[in-house]
1. Note the angle between two axes, namely the Cα long axis of helix 139-168 and the longest principal axis of the Cα atoms of the chain, as a number of degrees from 0 to 90, rounded to the nearest 10.
2. Once you keep just the Cα pairs under 8 angstrom separated by 6 or more residues, what percentage relative contact order results for the range 82-171?
3. Given springs between every Cα pair under 10 Å in a Gaussian network model of the chain, which of 51, 138, 90 has the largest fluctuation?
4. Mean separation of Cα pairs under 8 Å and 6+ residues apart, divided by the residue count of the chain: what relative contact order is that in percent?
5. Tell me, what is the percent relative contact order of the range 1-90, built from C-alpha pairs under 8 Å that lie six or more residues apart?
6. Helix 16-50 sits at what angle to the longest principal axis of the chain, using alpha carbons and giving 0 to 90 degrees rounded to 10?
7. Could you let me know the centre-to-centre spacing of the range 73-126 and the range 28-46, using Cα atoms, in angstrom?
8. For the chain, find the longest principal axis of its Cα atoms and tell me its angle to the long axis of helix 94-126, 0 to 90°, nearest 10.
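Only the coordinates and a few stated rules stand behind these numbers; no lab work does. It should be emphasised that the depicted structure is a prediction, and the values quoted were computed from it without experimental measurement.
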């Protein structure tokens, strides 16, 4: 382990339930990416061989891409692997570094809460509208997205509590 890496504040191993849920979402995201690849190949073949487009395949690919992103976010957040700039915080003493960690997690929590609130306001009006090619109601796309974001709230709370609990534990 490098000198810099030993200064990172990390949460202990996650609870089994959170780990299983996030790994299940990751498996789903992997399947969605494979679906996107298959649909893109099908679209290319349909255009080049039969001179026809596949609008449903296009829409499914777009929706799968959106869901894949939101399905992977909880796993990355749970293991502290989401995008973070810690160049300056790693140079800080332990207590300010811990404060920055908690502030970052609280920011994630606030972002997720605002996103859920805004998403709910949007869905309150848009749930009845349908996608152009599939005719699918918006709730079927944005509902799982909001659930994944709600999971980010749970993970942020767990990470804060786990790190603070580890800090209080005797060394």
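1. Here the helix axis deviates by roughly 10 degrees.
2. On the way: 48 pairs, mean separation 28.0, N = 90.
That works out to 31 percent.
3. 51
4. Numbers: 147 pairs, mean separation 50.6, N = 171.
With pairs under 8 Å counted, the relative contact order is 30 percent.
5. Numbers: 58 pairs, mean separation 37.1, N = 90.
Computed value for the range 1-90: 41 percent relative contact order.
6. 30
7. A separation of 31 Å, based on Cα centres.
8. It works out to around 30 degrees.
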